[in-house]
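Accompanying notes for the structure given below.
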Amino acid sequence: MNWEMFYLTCFLVGVSLSLIVFVGGSLHLPHVHFHLSHGHAAIPGVGGGHAGLSRGPEMPAFNFATITAFLAWFGGTGYLLTRHSSLLVVAVILLAIAAGLSGATIVFWFIVKFLLTHDQALDPADYDRVGVLGRVISTIRAGGTGEILFSQEGTRQTCGARSEDGTALARGTEIIVTRYEHGIAYVRRWDEMADSHVADRTAN
């Protein structure tokens, strides 16, 4: 294998792997994903795992995306210089490496600047409805089910609700969710909970 073929192979491998990841991510194909924070990838027929981008400044500079970018730019530059210039082999290698590092740096910057800034780690605690404050928007009859409105993670949400002690709760009543089971929130009046808390603190 001569240098021209070597560079061309690097270029084709880098471009092909980048396209596989890009197309697979766009079409949500199974097992076509990459974990930026761990620097590895899974492609069709090679293992499994969890999809998605991992968030955080701990993302290493050397990961699957930057490596494939390096291969593509390194191979492309080396191929063009070998084929269309009279530079020495060492000079071509150095210029190809510089081009590869530049391409990898651009990809890394793009990921950090535009992808990871909008990607957030999901914390189950942020979506736990127990302890959430809200109000009744559809009267909860005694022993029956109504509906409540509450805000969580910046969005307004509704769900079915029942009174914790079985008493009726009129529309507009401020409530707090005490437990959440099978899609139903069990609630108590906020003022009752507040009074109970004050009484406990006074007793102590």
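The values are calculated or read from the model by the stated rules, or taken from the named source; none is laboratory data. This structure is a prediction, so every number in the text was calculated from the model and none was measured. Every residue, glycine as well, gets a Cβ built from its backbone with ideal geometry; the counts of neighbours run over all protein chains shown. Accessible surface is based on the protein model in full, side chains and every heavy atom, while ligands, DNA and RNA are left aside. Shrake-Rupley method; radii C 1.70, N 1.55, O 1.52, S 1.80 Å.
Brief remarks follow.
- Inter-label distance, nm, simple model (7 Å from Cα along the C-beta direction), LEU19/CYS159: 4.6 nm
- Placed amide H near ALA161: partners under 5 Å, 5+ positions off or other chain: GLY146, GLU147, ILE148, ALA185
- Per-peptide average of other Cβ atoms within 10 Å, ordering 81-93, 169-181 highest first: 169-181, 81-93
- Using 0.36 nm per residue and subtracting the Cα-Cα separation, the extra length available between ILE137 and LEU87 on full extension is 10.4 nm.
- Surface accessible to a 1.4 Å probe, PHE110 within the full protein complex, Å²: 100 Å²
- Share of carbon and sulfur in the accessible heavy-atom surface of the stretch 144-187 [1.4 Å probe, %]: 44 percent
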